[in-house]
Each structure stands twice: as structure tokens, then as C-alpha cells.
Amino acid sequence: MSEDAVSVSHQNGIAVITLNNPPVNGLGFAVRTGLKQVLDTVADDADVLGIVLTGNGKMFSGGADIREFGKTPPKGTPPLPDLIDRLEALDKPVVAAIHGVALGGGCELTLGCHVRLAAQGTRVGLPEVTLGILPGAGGTQRMPRLIGVSAALDMIVSGKMLPAAKASALGILDRVVDGDVVAAAVAQALELADGGAPVRRASALDERLAKARDNPALFDEFRQKMARRARGFDAPYACVDCVEAAVTKPFAEGLAYERASFLKLVASDQSKAQRHAFFAEREVAKIPDVPKNTPTQPVDAAAVIGCGTMGGGIAMNFAGAGIPVQVFEVSQEALDKGIATIKKNYAATVSKGRLSQEEMDQRLSLISTTLNYADLAQADVVIEAVFENMALKKEVFGTLDSICKPEAVLATNTSTLDVNEIASVTSRPDKVIGTHFFSPANVMKLMENVRGEASSPKTIATIMWLSKRIGKIGVLVGVCDGFVGNRMLYAYRRQADFLLEEGATPQQIDKVIFDFGLPMGPFTMADLAGLDVGWRIRQGQAATRPKHLRYSTVADRICELGRFGQKTGAGWYRYEESNRTPIPDPKIEQLIVSISEEQGLTRRQVTDQEILERCMYALVNEGAKILEEGLALRASDIDVIWMNGYGFPRYRGGPMFWADLVGVKTIYDVMSRLHDEHGEWLEPAPLLKRLADEGKKFGDL
Ligand SMILES: NC(=O)c1ccc[n+]([C@@H]2O[C@H](COP(=O)([O-])OP(=O)(O)OC[C@H]3O[C@@H](n4cnc5c(N)ncnc54)[C@H](O)[C@@H]3O)[C@@H](O)[C@H]2O)c1
């Protein structure tokens, strides 16, 4: 097998070594063993004047084979860093011929070559940080020597891929060639061999490090600059430490430091969680009864009904993907307002330099407006985003059904209403589905695609494909109150409100949740989103709410004061003029204390640990119920929803993966105790009990 994974051919005295491990030439055990064997034969072969290293198929190499992480390699498999050192140490010129991508270990492998040539369209990058690790095969040591410390830090800490032109301007690539890159590399290797000049080894370069030695403060400045984005993550900081080691230590010591950091990270829970996240986001596409080859409805034209907060953002998603989109509204005034908001959003992105004016104009040209339903007859997919009102949605769907072409998919962005009931008013319930976007819809990655009873495989496949096409992660869920994400959110929010009545403050709870890693706590988030929408929903549910279940009135009482959050300058917190910083408000604390009294509750010291357990275990418990009810396909889908829709920290892998790390049995035991103490809302889900009894994890399901 190892001979197949790496092959060698000879051209005019140059050994062309080809990685051959489809689909991405991952640098797994077989490739490394194969490469070692080939190097053994060519290194001392006097007929071999130089070496070209290339990849077969679509790319040079996608990097390490992460499925092999944590596995013991077969005896004699060389570690990648050793192979790269060996390659670099050769006196014969070694030229990398790169095409497609060279990522992670693949990129590091090219850094061990003496010259790097790339075909047009090549991209290179060190994305290890996104998996909770760092480039552990010399990348943090060679890259700063090649391109300087600042550029290396940017590249390694962001994990971003660089296009060939940028990589060549920085000095990662020596040349970008038109045409056959292997032929160019062979010619270059021959020329170098003929010239007889010593080879250029990245490890021996020092000029660019010297600059950083003169300015050692740059590392702390970089740490400060990244602090907000990297909060809670270990890997970005470890990357900076390693690049700093490249500056302060001799190469061999820096390499040893990098290796030790890598091994520590790779064994950490954070890295396990981030690798889980990586696989989970690929897994969502697999739907047992909608196989990969299910036909989809081509989407060449889209329409959005309602251009409010969500509709405008949704239209931007289509335009961003190059799909013409019509926006329908009830009045010219509403249309003008919606389009003005879209323009304002684009302009803000342009002013930040993240979009060019031409791109903005191009996207705007794809968004057209109409007040006339008949204009939507040719849309392939229509997404409804009108007010959250069943009668209105039914009316809209009835109209859409009568004017849209028969094969068009009709989707609703409802966040709480029954998709089946909406579908029932159409003659094509098989083509009706929910597409639950998250606010702001042009930014948030998640789409909960809500499968109705009648949604056909073709409709599901179309919407799952469309999610991807417009740059989102679509997760298929079933119909229930709040679908997956919000239903779990309610369970956690409910406990947060109860804890207020029992003795906690909003700021205490928010701090615990923020420190756990969510972008903000539940009350700060509520103030940002606005309290009135939820209040209206609760008022609607009041008549049917079971009387025996505990209900917290705190949120309602705050709304009764006309405090709807940031938009009214006050909510759970107070706000100063044009400042979004929440300031604890003694009035709210007094209100909470008086509600505790009314409820006959003696306020007590609530510990941070209790807050975390009551909120997060309740969240996990609701997730377990959702799984049992078949509303999510797998535990990892729930993780994807929470990481991409609610900011659950990726370094914890989502709530269900985190639960596995904590231990399902631990959570079950605590939930059982909490249930005894606080009643029905905290009853452990049967699935939680079963897994705890069987010593299993959600990941085993
Ligand atoms: N705001 C959120 O965070 C959020 C998140 C997910 C889902 N949703 C859901 O998205 C939908 C829209 O919410 P929103 O926040 O954008 O509301 P919004 O009030 O900002 O916008 C609704 C828009 O629909 C228009 N409209 C009303 N009746 C219409 C009709 N008959 N035909 C065409 N347009 C009509 C209104 O003029 C308004 O512009 C709701 O179902 C809501 O539950 C909202």
C-alpha cells in the first residue's frame, strides 16, 4: 500500500515524487511511510540530481489525515516533522510543484522544500488553529523565517487560506507559473542542480526574525488585538507562543517547543471538541431517507415575501450567491424602507473594506422589488418572512400557491408556527418547508430547515443544497414548538428566570454564561433582541399554560414597564444614550426581590456552579428529549445548531458533545437531584437516564 501512496518517476535526472492518496492526498501513515521509502532510495542515488515533489489528482495535499489523530501509527511510520527535516536537509535541490491547495501539513511539507512553484489558482494555508491545534511540523518555525513574524502570525492564527498571488507576494511561493507546474519545477530543479549553488533552507533564514527581535512587544500587542475573537480558545495563543519561540530560540529548540505544544493541544478537550465540530458540520448533509443523489429543483430565481428584519437579510444571501431575488412587500413605503436597510448594510461592509463598491452594486442589481404577486410566477423558491401570524401566513401561502409555478418550493421563515398547518392551505404540501434563518440573517450561518410531514425528498434536498449555495449551514429538523434551537433556549432561559426569583441577579447569571463561553448571557441577549416579541407570544399562550407548572413573571413585569431592551433604552439593564453597554439597574433588582416575596420565596445565595448546572444541564436535557422525539437526526446536529445559531463555544463542541465530556451520568445525577429540589421542569429525559444507566454517551447513538 505504501508504494502506491507515493510514487516516483525520473525525468532528465530529476526524481518526481508524487503523493497519491485520494481524495486530498492526506498525509496519513501510508503516505509518510511511502515518502520515507522513496527518499531512502533517491537521497543517495548519484543519478538523481534533484527532486520535485507534487501531488496527484485535484491538489498537492490537504494536510494531515485528521481521522488518524490519536491512533497509534504502524511501527516505523515516520512523523511528518522528521520527514520534512530530512527533505530540507538534502543537498540536492528539492522543488515543490503545487496545484489546487497545500494546506496544513501539506503546506508545511512545501516549506521543507527549497523552492516552491505553484500553478495558477493554487491556495495555501495553515488552518490547524480551526481544529484546536497548531501547525506541528515546523510551520510555526519556518513560516516566520520566510515571510516575517507579523504576516506569519496573521496567517497561522487566522487559519485563512491565501490565494497564490498573495502567497507569492508574501514570499511563501517563489513563483506562480502558467501551464504545467511539474514541468516548470523539473526545469527549475535541473537549473539549480547545474548551477551548483547551495540550496536555500527556510530553517536557516534569519533576516526577517531579526526585525522582530528588535520589537519584542509585538507579540503582546498581537495577543491583545486577538483577545476578543480568541476568547476562551487555547490554540490561537499557543500559535503565538510558538511563533515567539521561533524568534527567541534556535531553530531546533523552537521546533521542539512547537512539537510539545502540538502534542499538548492535540490531546486536549478543546481540540477534540473542534474536530467534532468540523465533522459534525459535514455530517449534517447526510439524511437517511434523502440520499445524496436525490434530484433537486434548480434555483435560478428566488423571491422573498416581506422585507423586514429577516426578509432583507435573506434577500442579501441570495444576491451574495449570485441568485437574482425579487422582494415582495405590501406597500411601496415598506419596500423603500427594506431596500434602504439593505443598502445601509452593504455600505457598512464596504466602508470596512470587506466588500468592494462594484460588488455592492452588483449584488444590489440582483435584488428587484415588486408589489405585485403575479411577478413571482417564475421564482424557483420563495421564502416567506412576514409577521409571525398564522392567519397571515396562511393567506400568503394560499396566494403563492395560486401564482407560483407548480415546481416552485415555498418556504417559511416562521420561528414558532406549525409548518404543517401552513402547508395545509396549499395544493403542494410536498413543496412546502421551513427555512428558519437566524438574525441577522445575512450574517448568521445557521438555517434550521424544518421538514413538514409532507415535505418531499426533492424539496428537502433542494433546500439543503440551497443552504450551502448561499453560504449557510443547513440542519434538518422536525416540527415542534421552537424547533430545535429555540426549544432548547426556552428550557435554559426558564431556569435563568427561576434563579432570579430564588436569589440571583441578571448580571450574575449573564457573567456565568459569558464566562462559560457564550457571546453573552440570556438577559443581555434578550435586551439586544427586544423583549416585546417574546412577551406577545407568551400573552398568546397564557390561556393554555398548564397551571401546575412553575412560571416566572419577571420578564412580563419588565415589559409592563415599557422596557423592551436596548431599543427603548432599558430592559433587564439600563443603557446610557447611544451606548450599548448594559448597566445593572437597581430598579430591576428591586422588582425581582418584590416578585420573590410575592412568590413566598426566601432569597438565598445562588452559586455560580448552580447557575451553570441549572441552565446548561436543562439545555442538554431538552436536547435529549428532542433526540428521542426524532426532531433532530443526531446529537451532533444539535451541536451544529447551537454553535452556529447561538454562539455556543466551538471549543466545547456544542451542548451534546460538551455533555459527553462532562459525563452523561454526572449530568443525569445532578438533574435527578435538581428535579427533586425544583420540580417538573427539571425531570431528566428518559434518554439521559438510559445513556447514564448504560454508561454511554450521546456520541454513541
Ligand atoms: N427577527 C428575528 O430575530 C427572527 C428570527 C427568525 C425568524 N423570524 C421570523 O421571521 C418572520 C419575519 O420576522 P421579522 O423579524 O423580519 O419581522 P418584521 O416585522 O421586521 O418584518 C416583517 C415584514 O413583513 C411585511 N409584511 C407584512 N405582511 C405582509 C404581507 N402580507 N405580504 C408581504 N409582506 C408583508 C411587513 O411590511 C414587514 O416589512 C417572522 O415569521 C418571524 O417569526 C424572526
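Here are a few things to note about the model shown:
- Here Ala302 clears all of (1) within 16 Å of the ligand (Cβ to nearest atom); (2) over 18 Å from Lys468 (Cα atoms); (3) modelled with pLDDT of 95 or more; (4) not charged (D, E, K, R) except the condition numbered (2).
- Candidates Ala543, Ala529: the one that is open to solvent by 60 Å² or more (accessible area, probe 1.4 Å) and under 30 Å from Val284 (Cα atoms) is Ala529.
- Pair list, Cβ under 6 Å, 6 or more apart: the stretch 88-103 residue under 24 Å from Ile156 (Cβ atoms), other residue assigned to a strand (DSSP E or B) and open to solvent by 30 Å² or more (accessible area, probe 1.4 Å): Val101/Arg123
- Entry remark, the stretch 365-384: residues being of a type in the set (Val, Ile, Thr), more than 11 Å from the ligand (Cβ to nearest atom) and either farther than 23 Å from Gly452 by Cβ or more than 33 Å from the chain's Cα centre (by Cα) (or both) number 2 in total.
- Number of positions in the stretch 663-698 that are surrounded by fewer than 17 Cβ atoms within 10 Å (Cβ to Cβ) and within 26 Å of the chain's Cα centre (by Cα): 1
- Within the stretch 385-398, tally of residues that are near the ligand (Cβ under 8 Å from one of its atoms) and modelled with pLDDT of 95 or more: 6
- Among the residues making up the stretch 111-134, those that are in contact (Cβ under 8 Å) with a residue 60 or more places away in the chain, within 19 Å of Arg201 (Cα to Cα) and of a type outside the set (A, V, I, L, M) are Gly112, Cys113, His114.
- Looking only at the stretch 520-578, and only at residues there that are among the aliphatic types (A, V, I, L, M) and part of a loop (DSSP other than H, G, I, E, B), the one that is farthest from the ligand (Cβ to nearest atom): Leu549
- Flag for Ile287 being surrounded by fewer than 19 Cβ atoms within 10 Å (Cβ to Cβ), in contact (Cβ under 8 Å) with a residue 24 or more places away in the chain and either within 16 Å of the ligand (Cβ to nearest atom) or not assigned by TED's automatic domain parsing to the domain that holds Ser456 (or both): yes
- A single member of Gly647, Gly630, Gly623 is buried (at least 24 other Cβ atoms within 10 Å of the Cβ), more than 14 Å from Ala273 (Cβ to Cβ) and of a type in the set (Gly, Ala, Ser), and it is Gly623.
- Scanning the stretch 187-210 for residues that are surrounded by fewer than 22 Cβ atoms within 10 Å (Cβ to Cβ) and more than 28 Å from Ala252 (Cα to Cα) gives Ala187, Leu190, Glu191, Asp194, Gly195.
- Evaluated against (1) of a type in the set (Asp, Glu); (2) in a strand (DSSP E or B); (3) more than 12 Å from the ligand (Cβ to nearest atom), Asp401 falls short on exactly one condition, (2).
- When Lys92, Lys58 are screened for being in contact with a Leu (Cβ under 9 Å, 6 or more places away or on another chain), at pLDDT 95 or above and either on the phi < 0 side of the Ramachandran plot or part of a loop (DSSP other than H, G, I, E, B) (or both), only Lys92 passes.
- Conditions (1) closer than 28 Å to Thr296 by Cβ; (2) in contact with a Pro (Cβ under 6 Å, 6 or more places away or on another chain); (3) of a type outside the set (Val, Ile, Thr); number of the one not met by Ala496: (1)
- Filter result for Thr414 (within 27 Å of the chain's Cα centre (by Cα) and within 14 Å of the ligand (Cβ to nearest atom)): yes
- Residue match in the stretch 55-74 (condition: open to solvent by 10 Å² or more (accessible area, probe 1.4 Å) and within 21 Å of Ile147 (Cα to Cα)): no
- Residue count for the stretch 416-456, restricted to those that are part of a loop (DSSP other than H, G, I, E, B) and open to solvent by less than 40 Å² (accessible area, probe 1.4 Å): 9
- Selected residue [within 13 Å of the ligand (Cβ to nearest atom) and open to solvent by 40 Å² or more (accessible area, probe 1.4 Å)] from Gln362, Gln357, Gln332: Gln332
- Of all residues making up the stretch 421-436, the number that are of a type outside the set (A, V, I, L, M, F, W, C) and more than 18 Å from Ala461 (Cα to Cα): 4
- Among residues of the stretch 457-484, those that are part of a loop (DSSP other than H, G, I, E, B) and away from the ligand (no atom under 15 Å from the Cβ), counted: 3
The values are calculated or read from the model by the stated rules, or taken from the named source; none is laboratory data. Bear in mind the structure is a predicted one, so any value in this text is a computation, not a measurement. Ideal geometry is used to build each Cβ from the backbone, glycine not excepted, and the neighbour counts take in all protein chains shown. The protein model used for the area step is the full one, side chains on, heavy atoms only, and it has no ligands, DNA or RNA in it. Shrake-Rupley method; radii C 1.70, N 1.55, O 1.52, S 1.80 Å.
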